[in-house]
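Only one structure is covered here, and it is reproduced in the block below.
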Amino acid sequence: MIEENKPEADPLDTLDSVAMILAYCFHVDGPDGLRAVLAEDDRPQESMLQDAEELAATGLKAASDIGFDIAKKATPLAAFILNDDNIHNVKSSLASLYRNGKLGPASIAYLEEHADDETLAYVTPRSQGHPH
């Protein structure tokens, strides 16, 4: 019987999240490799923090520490959204994220500093406990 040559499974096929891909990078390339990958990451801070939390939950403290360190310097999600030229998209996106607890402290601080009063009032109404 002739055996077919089956291609080897790609180890990345089993990784089901960004955090697990980062863990793989850390395993293969070490701390400097992970730092290099994360330095090129242009996702919002909130996404990067979520990955660092997932790394921490799996017990990869050294990798999660690197993730948290780099995530703290990343651009907050609110900054990405405020760049949209359609103010209705900006308001509805920010309001939804705010009300669902998806904006981190850096995004809220960014909004308070960069959003106009009307947008800020729409996104963080007084009934939600906004200090205005």
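The values are calculated or read from the model by the stated rules, or taken from the named source; none is laboratory data. The shown structure was predicted, so the numbers you read here are calculated from the model rather than taken from an experiment. A quick note on method: Cβ atoms are made from the backbone with ideal geometry, for glycine too, and the neighbour counts reach across all protein chains shown.
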Original post:
Can you tell me which of Ala52, Ala57, Ala62 is of a type outside the set (Lys, Arg) and in contact with an Asp or Glu (Cβ under 9 Å, 6 or more places away or on another chain)?
Top reply: Ala52
Subject >> Residue list for region 20-63, filter: in contact (Cβ under 8 Å) with a residue 40 or more places away in the chain and among the aliphatic types (A, V, I, L, M) >> reply: Leu22, Ala23, Leu49, Ala63
**OP:** Using the structure shown, decide if Leu34 is modelled with pLDDT of 95 or more and under 30 Å from Pro125 (Cα atoms).
**Re:** no
**OP:** Please find, within region 108-121, the residue that is nearest to the chain's Cα centre (by Cα) out of those that are surrounded by fewer than 17 Cβ atoms within 10 Å (Cβ to Cβ), farther than 20 Å from Gln45 by Cα and not aliphatic (A, V, I, L, M).
**Re:** Asp116
